[in-house]
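Comments concern the structure below.
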Amino acid sequence: MVHVLSSRVLLRPSDPERARAFYGEALGLEIYREFGSGPERGTVYFLGGGFLEVSGRAAQPATDTLKLWLQVADAAAAHGELLAHGVEVLRPPVQEPWGLIEMWIADPDGHRIVLTQVPADHPLRYRP
């Protein structure tokens with residue numbers, strides 16, 4: 001059995017500085033640590049129960065198989081904040097048939113990100 005102690009998503013952007021501006025400034029993710037030097041240095045962001053590492057440089061275009069799922073406390077507030085930071089919202093917050101409120105954005109390389117709000121009455125919040 002694999003005993004996982006921590007986890008992180010590794011992201012290799014086509015433009016590291018642009019990606020750091022998006023994740024650190026536009027999304028406002030807090031930095032866990034930084035390493036290396038120069039334009040391709042690494043930055044690791046807190047991502048709820050895990051981490052997002054932006055480091056290196058992609059040699060090929062982004063894949064559409066990677067999606068990030070980020071839970072937020074208030075999707076409407078996140079929507080307003082992202083618009084104020086110039087982030088293109090692919091789909092504004094909508095309550096899905098399964099009860100979650102979801103909004104879609106993309107990072108500068110086109111990686112899709114869903115910001116999800118779990119309403120107070122949703123079964124995910126139910127604790128027997």
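The values are calculated or read from the model by the stated rules, or taken from the named source; none is laboratory data. All figures in this text were calculated on a predicted structure; none of them were measured in a lab. Please note: Cβ atoms are built from the backbone with ideal geometry, for glycine as well, and neighbour counts cover all protein chains shown. Remember, those area values only see protein heavy atoms, side chains included, never the ligands or the DNA or RNA. Shrake-Rupley method; radii C 1.70, N 1.55, O 1.52, S 1.80 Å.
Rounded to the nearest 0.05, the FRET efficiency derived from the C-beta distance between Ser14 and Gln95 at R0 = 30 Å is 0.30. Each Cα pair under 8 Å and six or more residues apart adds its separation to the average, and for the chain the resulting relative contact order is 22 percent. With all protein chains in place and ligands, DNA and RNA left out, the 1.4 Å accessible area ranks Trp69, Trp104 as Trp69, Trp104, largest first. When only the Cβ of Lys, Arg, Asp and Glu is charged (+1, +1, -1, -1), the dipole of region 1-69 relative to its Cα centre reaches about 140 debye. Comparing mean-square fluctuations of Ala77, Ala106, Ala26 from a GNM of the chain with C-alpha springs under 10 Å, the top value falls on Ala77. Per-residue SASA remark: Val2, around 120 Å² accessible (1.4 Å probe; ligands, DNA and RNA not included).
Dipole size of the chain about its Cα centre, with +1 on Lys/Arg Cβ and -1 on Asp/Glu Cβ: approximately 360 debye, rounded to the nearest 20. Spatially, region 15-43 and region 93-128 are offset by 25 Å when compared through their Cα centroids. Take 81-89, 41-49 and order them by the average number of nearby Cβ atoms within 10 Å per residue, most first; the result is 41-49, 81-89. Using a probe radius of 1.4 angstrom, the carbon and sulfur fraction of the accessible surface of the chain is 54%.
Considering only Ala19, Thr63, Met1, and ranking their Cα positions along the charge dipole of the chain that arises from unit charges at the beta-carbon of Lys, Arg, Asp and Glu, the one farthest toward the positive end is Met1. Evaluating 6.51 cos²θ - 1.76 cosθ + 1.60 at θ = phi - 60° for every residue in region 33-47, the Karplus couplings come out as 6, 10, 8, x, 8, x, x, 9, 4, x, 10, 10, 9, 5, 9 Hz, glycine and proline recorded as x.
Net length available on complete extension from Ser37 to Leu83 is 13.4 nm, with 0.36 nm assigned per residue and the Cα-Cα distance removed.
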